[in-house]
Amino acid sequence: MNMNRALQTYIETEILPRYETFDAAHRIDHARDVIARSLELAAHYEVDIDMVYAIAAYHDIGLADGRERHHIRSGELLAADRTLRRWFSEEQIAVMRDAVEDHRASSDREPRTLYGRIVAEADRCLEVDTVLRRTIQYGLGHCPALDREGQYARCLEHLQRKYADGGYLRLWIPFSDNARRLEELRSLIRMPHRLRQRFDVLYDGLTAAETDKK
């Protein structure tokens, strides 16, 4: 894939570093993962690769202003970035804004465009340990007063609400690996004993790493 080098340089130096101020589950490694998966999915379609790249890079930058409306704020920040006009038309910017706004897993409607479906699917990293680790990281970062049992209860509630049978998560790209990985995750959620074992291993590793930093 041949992307615009100047665009890549701008995003690498001015946009991706913003993720380093976010919680551990949404730092620059997450942004790079979503970019990589978006580009992999985009290879199956006739789409503008530069647009796919930029959408993925901007999709979570609105977290700087809070989580609840971060998808909307991310779209606003993308649309307000005058530098992007060097590479994209106003029509392209509008499509990109819609895609960023539509990426959130808890949205109650389907993404409006193929670009939105691509980034939404790419944002759903469903590898079991990655999901559990990010869920624990979020709990440790945002609910530090909770003890181990409290963190597990919060983790379990989140997993059941989002990923379990009947959860709100929706997938949009039929040939991605996400359907298989979601079933693996659902199988683990159905087995509380095994889920608790995986939680404890990851929780111990994350809390030990935080202790080592102090």
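The values are calculated or read from the model by the stated rules, or taken from the named source; none is laboratory data. Note that this is a predicted model, so its numbers are computed, not measured. Backbone-built Cβ (ideal geometry, glycine too); neighbour counts: all protein chains shown. Surface areas here come from the heavy atoms of the whole protein model, side chains and all, with no ligands, DNA or RNA. Shrake-Rupley method; radii C 1.70, N 1.55, O 1.52, S 1.80 Å.
Does ARG32 satisfy being farther than 21 Å from LEU140 by Cα, within 15 Å of the chain's Cα centre (by Cα) and part of a helix (DSSP H, G or I)?
Numbers: farther than 21 Å from LEU140 by Cα: yes; within 15 Å of the chain's Cα centre (by Cα): yes; part of a helix (DSSP H, G or I): yes.
Criteria met by ARG32.
For the structure I just gave you, tell me whether ALA31 is modelled with pLDDT under 90 and either closer than 20 Å to GLY66 by Cβ or surrounded by fewer than 17 Cβ atoms within 10 Å (Cβ to Cβ) (or both). So that I can check it myself, show each step before the final result.
On the way: modelled with pLDDT under 90: no; either closer than 20 Å to GLY66 by Cβ or surrounded by fewer than 17 Cβ atoms within 10 Å (Cβ to Cβ) (or both): yes.
Answer is no for this residue.
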Within segment 172-199, residues of a type in the set (Asp, Glu) and either touching a strand residue (DSSP E or B) at 6+ places or on another chain (Cβ under 8 Å) or over 14 Å from THR130 (Cα atoms) (or both) come out as ASP177, GLU183
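May I ask you to list the residues in segment 96-115 that are under 15 Å from ALA57 (Cα atoms), part of a loop (DSSP other than H, G, I, E, B) and open to solvent by less than 20 Å² (accessible area, probe 1.4 Å)? Give the derivation first.
Residues of segment 96-115 under 15 Å from ALA57 (Cα atoms): 96-104, 115.
Filter once more, so that each one left must be part of a loop (DSSP other than H, G, I, E, B): 102-104.
Once the filter is applied, which keeps residues that are under 15 Å from ALA57 (Cα atoms), part of a loop (DSSP other than H, G, I, E, B) and open to solvent by less than 20 Å² (accessible area, probe 1.4 Å), segment 96-115 yields ASP102, HIS103.
Can you find a residue that is outside any loop (DSSP other than H, G, I, E, B), open to solvent by 30 Å² or more (accessible area, probe 1.4 Å) and touching a Ser or Thr at 6+ places or on another chain (Cβ under 9 Å) anywhere in segment 136-145?
At the first step, the residues of segment 136-145 found to be outside any loop (DSSP other than H, G, I, E, B) are 136-142.
Still in the running and open to solvent by 30 Å² or more (accessible area, probe 1.4 Å): 137-138, 140-142.
This time we only want the ones that are touching a Ser or Thr at 6+ places or on another chain (Cβ under 9 Å), so: 140.
Scanning segment 136-145 turns up at least one residue that is outside any loop (DSSP other than H, G, I, E, B), open to solvent by 30 Å² or more (accessible area, probe 1.4 Å) and touching a Ser or Thr at 6+ places or on another chain (Cβ under 9 Å).
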All conditions in (1) free of Cβ contacts under 8 Å to residues at least 12 places away in the same chain; (2) in contact with a Gly (Cβ under 9 Å, 6 or more places away or on another chain) are true of GLU157 except (2)
Checking ILE93, ILE118, ILE55, ILE49 in turn, the sole residue that is surrounded by fewer than 18 Cβ atoms within 10 Å (Cβ to Cβ) and either closer than 24 Å to ASN2 by Cβ or under 16 Å from the mean Cα position of the chain (by Cα) (or both) turns out to be ILE49
Of the residues in segment 35-47, those that are in contact with a Leu (Cβ under 9 Å, 6 or more places away or on another chain) and in a loop (DSSP other than H, G, I, E, B) come to TYR45, VAL47
Of those in segment 58-86 that are over 20 Å from TYR10 (Cβ atoms) and in a loop (DSSP other than H, G, I, E, B), the residue least open to solvent (accessible area, probe 1.4 Å) is GLY66
Of those in segment 165-214 that are hydroxyl-bearing (Ser, Thr, Tyr) and assigned to a helix (DSSP H, G or I), the residue surrounded by the fewest Cβ atoms within 10 Å (Cβ to Cβ) is THR211
